[in-house]
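Peer 1: A single structure is presented below for examination.
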Amino acid sequence: MIDLIVIGAGLAGLTAALTAAEAGLRVKVVGKGLNALHWSAATLDLLGYTPPRRAPVREPWTTLPHLSLTHPYQIAGELRMRAALQRFLNWSQAGGLPYLPGAVEGENFMLPSPIGAMRPVYLAPYGQREGDLSSQQPLLIVGFDRMRDFYPHLLAEHLNKQGHSTRAVVLSSSLITQRSDANTVQLAAELERREHQIALGGALKSAVRPGERIGLPAILGLDEHTKTLEALAAAAGAPVFEIPTLPPSVPGLRLTTVLRSLLARRHVRVEIGMEVVGVQVEDGVVRWVETATSSRPLRHTASAFLLATGGVLGGGFQSDHQGRFWETVFDLPLNVPQDRSQWFRPLFLDAEGQPVFHGGVAVDNQFQPLDSKGGVMYRNLWAAGGLLAGTDPLQEHSLEGIALVSGAAAGEAAAAALTGGRQTNEAAPADIPAGASAAKTPQ
Amino acid sequence: MASISWHTVDHSLDECIKCNICTSYCPVSAVTDLFPGPKYVGPQAQRFRENGQPQSPDASVDYCSGCRVCNEVCPTGVKIAEINARARAEIVAKRGMPLRNRLLGRNELLGRLGSVAPALANFALQNPFSRLLADKVMGIAPEAPLPTWSTSGTFADWLRASKPQRLRSDKKVVYFHGCATMYYEPFIGKAAVAVMEHQGYEVIVPLQNCCGLPLLSNGEFRAAADYHKNNVAHMASFAQAGFPIIGTSTSCTLTLQEEAPELLDMTDEGSMQLKMATWDIFEWLRDLAAKGELATDFRPLNLTAPYHAPCQLRAHRVGKPALEIMEMIPGLVAAESHALCCGIAGTYGYKSEKYQIAMDVGEELFQFVREQGEGVDYTVCDSETCRWQLEHGTHLPSRHPIELLATAYGLYDLEKRNLV
């Protein structure tokens, strides 16, 4: 029944699943839990830094040729990278959560982090774009007195030090919620209510000075994000933008929800809470994988499999105290030092990053994992995302870019292998309503 | 209850990376301030509950409904719901528990008592005056959707009466009916037996106890352990002999598979055999379908019946097998709910102080049902307490998917809830 099983429900896995489904494959996604987008800014970071250089990358495309030949971007090549980014822009439009490229063609945005550091971002969510620090427009950062982990004055201090004229204001939380305690997701739900938008909009209008733009924590609505943002901007009479928060990340939750609803339209089931605990391989082919249940393992059979379980952060790798370091599903060869003393450099924040985070699964140009001799490991296995070798995405600020580019490339390659390169079908089936999404949809 | 072991659950605690995904999806903390969220009362508060600590920081863990959505979404495999269940058991062990919770934990006893004179029991408990009294004296919410006792005999009565007509076969399965089927909804058991016989299987119904889940969720671990030991004694031999043990109540199957062994640290051979042999009925039917052995002589059911997979079923981590089987029935439109929880969470929503929370949690699901339009005939759900909550929240009749399947086989009257 199923052509392709994608293991992992992060940005790489969801991208691969959607790409393969658009190419006509019957796809299923199994994930251990929900993904790392829930603690990311949910911007599309393509390439922000090239360690050990400290300066942010302004023009990622002209920097690409300097990356090592084993880097996933070099393996994919510019053509496939641009196609993947275009796919993502289309999805974000179709899902009602538009992302945009920077004002200058091919250049990164410079967006403020939750403590006012500069983050080089290639595609920004519509709600974050007005925060671009390439513009000299003065900023007003607004927080709420009972909101944890968002400090407008700290942000303003750091931005001012970097030459961005910034003021800070802390408003009463009672403008937007009656709860004594609320996290970002709950506040975002509160801000979808009209009366809270009116109250906050009025307070913003009083606080803002002519010419300023207003930065708020990323809590401006869930499903109704765009409407919420625009209502606030209209009431304040000034541009309004979101600054990502500490987890839970509302922008990440929104992006996950949109990708899952696009998958639902393509009849792709995303099963959460299913951890792969066993595999069956025969004659160089993966036959099935098994996931843990409350009883017997559940077997999933398919023609092809795509591994997108992430790296150390996502849970795709595991290690022990003896220095063993392994890939958790297929035990694929990893080019990580198998000596614990070689994992880290003496400095925690070494400009070169840590060797342990640079290693991973080596793949060929079809994104098929390679064995230790450089041959394809299993004929029907592809891989994408944080588990790939040749890059340290945290250092590079390329986490989402690598997930997207490799996810799309691997999904395409799997589809081409299974369909013998038959024509892809780009149109969504018309009989499926678009309203199948909900902001909270774990199952 | 001097020692509540922490080993497996405690170990998973170390995996918590404080990412807050659980709190973002917790249906209870989304609607009330009284529950700060799974991360706070679970992994975060746990350090204060370690040995040698004077006391737990607060008792808000009592507001955890035990729906296990947190476990489902956790990216690192922390057993948050179990941490909370154990924390509640510790509080109960230290401070005791109200009579109400003792009663709600004992639905088998209640079922048996009421079945002596079900009509009288229904009248005694369902009239507005008694419900008001139950609210004031016991703290049982007057509006809460309590079940009614079957007035046409228990499931055991039917088993005795139908014995001569039931199928004999070399292929055998064991049926675990649970208390609700026994005393309140014997028709679920009849539909299940009919469907299993329709596949050519003889259905054995051995002596059995309550699975113990109501006791576990109310923090009475020792009493739950006694129930579980009895079930192991009655059924492990069937498991050992290779018979699948099939349930229609998702709370019972989850308890036999995972909750009892894990929360009670019962890892004896019999418990493990029972764990591995237990199936949700649709998981078993889906397995037959995968082997090409499922009877497919379906009559069309021209019904609009939105389906909600209950939290307890999702905690099995087997997907939504009932939905997959229902998709094979011609004419049946079973829109899939993605709501997190109906709110009732076993006995949670029966409690006066939690009734409104349960209704607010369920609103997402009730809203989904309303969005399906005027033409909805039934809502469909695998769990009994969730069906009662669905009926309460939507005013539409609710059915177990096995009733729909039995109807599609021409064995059952879906409206009258009886075999034909």
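Throughout, read-outs are computed from the coordinates displayed, never taken from laboratory work. Worth saying up front: this structure is predicted, and the values here are computed from it rather than measured. Positions of Cβ are generated from backbone atoms using ideal geometry, with glycine treated the same way; all protein chains shown enter the neighbour counts.
Peer 1: Assign unit charges at the C-beta atoms only (+1 for Lys and Arg, -1 for Asp and Glu), then state the dipole size of segment A:180-274 relative to its Cα centre in Debye, rounded to the nearest 20.
Peer 2: On the way: 11 positive and 10 negative charges, 67 e Å.
The dipole of segment A:180-274 has a size of about 320 debye.
Peer 1: On to the next question. Tally Lys and Arg at +1 and Asp and Glu at -1 over the other residues with C-beta under 14 Å from the C-beta of B:Met359: what net charge comes out?
Peer 2: Numbers: positive: B:Lys351, B:Lys354; negative: B:Glu143, B:Glu353, B:Asp360, B:Glu363, B:Glu364, B:Glu391.
So the environment of B:Met359 carries a net charge of -4.
Peer 1: In nm, to one decimal, how far is the A:Asp331 label point from the B:Arg102 one, both placed 7 Å along Cα→Cβ?
Peer 2: 5.4 nm
Peer 1: Let me ask something additional. Under the rule of at least 5 residues apart or a separate chain, name every residue whose amide H is placed under 5 Å from the amide H of A:Ile141.
Peer 2: Correct list: A:Arg167, A:Ala168, A:Val169, A:Gly215.
Peer 1: Once amide H atoms are built 1.01 Å from N in the peptide plane, which residues 5 or more positions from A:Ala218, or in another chain, come under 5 Å H to H?
Peer 2: Residues meeting the amide H criterion: A:Ile243, A:Thr245.
Peer 1: While we're looking at this one, here's another question. Give the residue from A:Leu399, A:Phe357, A:Ala384 lying farthest towards the positive end of the charge dipole for segment A:347-400; charges sit on Cβ (+1 for Lys and Arg, -1 for Asp and Glu) and the dipole is referred to the Cα centre.
Peer 2: After comparing all options, I get A:Ala384.
Peer 1: Still on this structure, please answer the following. Beyond a 18 Å Cα-Cα separation, which of these cross-linked pairs lie in this structure: B:Lys163/B:Lys190; B:Lys190/B:Lys275; B:Lys190/B:Lys291; B:Lys39/B:Lys79; B:Lys18/B:Lys79?
Peer 2: On the way: B:Lys163/B:Lys190 12 Å; B:Lys190/B:Lys275 24 Å; B:Lys190/B:Lys291 25 Å; B:Lys39/B:Lys79 11 Å; B:Lys18/B:Lys79 13 Å.
Violating the 18 Å Cα-Cα cut-off are B:Lys190/B:Lys275; B:Lys190/B:Lys291.
Peer 1: Counting helices only, and only those DSSP H runs with n ≥ 4, report the 222 nm mean residue ellipticity of chain B as the sum of -39,500 (n - 2.57) divided by its residues, in deg cm²/dmol to the nearest 500. Write out the running numbers ahead of the final one.
Peer 2: On the way: 21 runs with 183 residues, N = 420.
The helix-only estimate for chain B comes to -12000 deg cm²/dmol at 222 nm.
Peer 1: Just in segment A:333-380: which trypsin sites (Lys or Arg not before Pro) are loop by DSSP and have at most 13 other Cβ atoms within 10 Å?
Peer 2: Numbers: sites: A:Arg340, A:Lys373, A:Arg379; in loops: A:Lys373, A:Arg379.
Qualifying residues, ordered by number: A:Lys373, A:Arg379.
Peer 1: Considering amide H positions built from the backbone, and no H for Pro or chain starts, which residues 5 or more places from A:Arg26, or on another chain, come under 5 Å of its amide H?
Peer 2: Under 5 Å from the amide H of A:Arg26 lie the amide H atoms of A:Asp3, A:Leu4, each far enough along the sequence or on another chain.
Peer 1: With r defined as the distance between the Cβ atoms of B:Asn302 and B:Ser237 and R0 fixed at 45 Å, what FRET efficiency is calculated, to the nearest 0.05? Could you put the intermediate results ahead of the total?
Peer 2: Details: r = 45 Å, r/R0 = 0.99.
Efficiency, from the Cβ-Cβ distance: 0.50.
Peer 1: Now a separate question. Read phi for every residue in segment A:256-272 and hand back ³J(HN,Hα) as whole Hz from Karplus 6.51 cos²θ - 1.76 cosθ + 1.60, θ = phi - 60°, with x for Gly and Pro.
Peer 2: Karplus values, whole Hz, x for Gly and Pro: 4, 4, 5, 5, 5, 6, 5, 5, 4, 4, 8, 6, 8, 7, 10, 9, 9.
Peer 1: Under 22 Å Cα-Cα from B:Lys351, which lysines qualify once same-chain neighbours fewer than 8 residues away are excluded?
Peer 2: B:Lys94, B:Lys136
Peer 1: Which of A:Val268, A:Val277, B:Val61 comes first, and how do the rest follow, when ranked by fewest Cβ neighbours within 10 Å? Each step should come with its number before you reach the end.
Peer 2: Numbers: A:Val268 22, A:Val277 14, B:Val61 25.
Listed from fewest to most nearby Cβ atoms, that is A:Val277, A:Val268, B:Val61.
Peer 1: Can you bin segment A:114-252 into rounded, prolate or oblate? Criterion: square roots of the alpha carbon gyration tensor eigenvalues sorted a ≥ b ≥ c, rounded for a/c under 1.5, prolate for a/b above b/c, oblate for the rest. Walk me through the numbers before you get to the answer.
Peer 2: Numbers: a/c = 1.40, a/b = 1.33, b/c = 1.06.
Rounded, since a/c falls under 1.5.
Peer 1: How far is helix B:80-95 tilted, in degrees, relative to the longest principal axis of the Cα atoms in chain B, given as a value from 0 to 90 rounded to the nearest 10?
Peer 2: Value to nearest ten degrees: 60.
Peer 1: Treating only the Cβ atoms of Lys and Arg (+1) and Asp and Glu (-1) as charged, compute the dipole magnitude of chain B about its Cα centre; round to the nearest 20 debye. Numbers along the way, then the final one.
Peer 2: Working: 39 positive and 47 negative charges, 192 e Å.
The calculated dipole for chain B is roughly 920 debye.
Peer 1: Could you please report the charge total around A:Pro51, scoring K, R as +1 and D, E as -1 over all other residues with beta-carbon less than 14 angstrom from its beta-carbon?
Peer 2: Values: positive: A:Arg53, A:Arg54, A:Arg345; negative: A:Asp350, A:Glu352, A:Asp392, A:Glu396.
For residues surrounding A:Pro51, the net value is -1.
Peer 1: Taking other Cβ within 10 Å of each residue's Cβ, how do B:Cys64, B:Cys311 sort, fewest first?
Peer 2: Numbers: B:Cys64 27, B:Cys311 30.
Least to most surrounded, the residues fall as B:Cys64, B:Cys311.
Peer 1: Among B:Leu323, A:Pro210, A:Pro138, whose Cα sits farthest toward the positive end of the charge dipole of the protein assembly as shown (+1 at Cβ of Lys/Arg, -1 at Cβ of Asp/Glu, about the Cα centre)?
Peer 2: B:Leu323
Peer 1: Something else: In what order do A:Phe348, B:Phe282 fall by count of nearby beta-carbon atoms within 10 Å, going from fewest to most? The partial results should precede the final answer.
Peer 2: On the way: A:Phe348 7, B:Phe282 28.
Sorted ascending by nearby Cβ count, the order is A:Phe348, B:Phe282.
Peer 1: Let me ask something else about it. Given DSSP loops and a limit of at most 14 other Cβ atoms within 10 Å, what is the longest stretch of chain B that contains no such GluC sites (Glu not before Pro)?
Peer 2: B:144-292
Peer 1: For A:Ile198 and A:Arg148, what is the calculated FRET efficiency with R₀ set at 25 Å and r taken between the beta-carbons, to the nearest 0.05? Spell out each step's value before the answer.
Peer 2: Values: r = 25 Å, r/R0 = 0.99.
With R0 = 25 Å, the Cβ-Cβ based efficiency is 0.50.
Peer 1: Please give, to one decimal in nm, the separation of the simple spin-label points placed at B:Ser169 and A:Glu78, each 7 Å out from Cα toward the Cβ.
Peer 2: Roughly 6.6 nm, to one decimal.
Peer 1: What is the calculated FRET efficiency for B:Lys94 to A:Arg324, with r their C-beta to C-beta distance and R₀ = 41 Å, to the nearest 0.05? Display every interim value, and only then the final one.
Peer 2: Working: r = 42 Å, r/R0 = 1.04.
Between B:Lys94 and A:Arg324 the formula returns 0.45.
Peer 1: Chain A: longest stretch without exposed GluC sites (Glu not before Pro) (DSSP loop, at most 14 other Cβ within 10 Å), sites themselves excluded?
Peer 2: Values: sites that count: A:Glu105, A:Glu352, A:Glu426.
Segment A:106-351 is the longest.
Peer 1: Cα axis of helix B:221-240 to longest principal axis of chain B: angle in degrees, 0 to 90, nearest 10?
Peer 2: So the helix axis and the longest Cα principal axis differ by about 40 degrees.
Peer 1: Taking only Cα atoms, what is the 0 to 90° angle, nearest 10, from helix A:399-419's long axis to the longest principal axis of chain A?
Peer 2: Long axis of A:399-419 versus the principal axis of chain A: about 40 degrees.
Peer 1: I would also like to ask the following. Which shape class applies to the protein assembly as shown: rounded if a/c is under 1.5, otherwise prolate when a/b exceeds b/c and oblate if not, where a ≥ b ≥ c are the square roots of the Cα gyration tensor eigenvalues? Can you show the working numbers first?
Peer 2: On the way: a/c = 1.81, a/b = 1.44, b/c = 1.25.
Prolate.
Peer 1: Same structure, new question: Roughly how big is chain A's charge dipole about its Cα centre, with Cβ charges of +1 (Lys, Arg) and -1 (Asp, Glu), in debye to the nearest 20?
Peer 2: Numbers: 37 positive and 40 negative charges, 108 e Å.
So the dipole magnitude of chain A works out to roughly 520 debye.
Peer 1: Is segment A:275-391 best put as rounded, prolate or oblate by its Cα gyration tensor, with a ≥ b ≥ c the root eigenvalues, rounded for a/c under 1.5, and otherwise prolate when a/b is larger than b/c, oblate when not? Each step should come with its number before you reach the end.
Peer 2: Values: a/c = 2.32, a/b = 1.58, b/c = 1.47.
The shape class here is prolate.
Peer 1: Follow-up. Ordered by residue, what ³J(HN,Hα) values in Hz, to whole numbers, does segment A:144-158 give under the Karplus form 6.51 cos²θ - 1.76 cosθ + 1.60, where θ = phi - 60° and Gly and Pro are x?
Peer 2: Those phi angles translate into 10, 5, 9, 8, 6, 6, 9, 10, x, 5, 5, 4, 4, 4, 5 Hz.
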